[in-house]
Amino acid sequence: MDSIKAQGLPMNTLVLGALALLVLIGVAAVWIGGGGQIFSSFGNIIGGSAPSDISQAKTICQGMCNDLQTLQPTYSQYKNHKWCKKTVYVDDGGTDYTCQSGASVIGVSCTFTDSEGNTKYGTTSCSTTGDAWP
């Protein structure tokens, strides 16, 4: 009697099957509705934030303001802080703001103490030359 040897699947077939399964899981996540949150979180991780409404932008900016209040920055730290640098996107026709430039539109008010104990406001210019507070 002849012995019968088992036939295995080639490694390429297994790899392609695994990739196809991952793609199907991704499509299912987007289709079910959880994908929007996944992609939004990914955007925040890589440095951009894309809030769909002003309330989300306000939450982001309030967090940055809290950081300024804890930091008690010098002017150099302030103008290089994410409050002045990071763009938040507000669904108001495509205008991009930083928390500093869009404070009135976003509806966030930020008051903090600087490194010398003086009260400062989040609307203070971020672009003044030099390291002295304007």
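Looking only at helices (runs of 4 or more DSSP H) that fall completely inside region 65-121, which ones have 1 or more residues that are at pLDDT 90 or above and not hydrophobic (A, V, I, L, M, F, W, C)?
Helices (runs of 4 or more DSSP H) meeting the threshold: 75-79, 82-85.
Might you let me know whether region 1-8 holds any residue that is at pLDDT 75 or above and among the acidic types (Asp, Glu)?
no
The values are calculated or read from the model by the stated rules, or taken from the named source; none is laboratory data. Since the model is a prediction, treat every value here as computed from it, not as a measurement.
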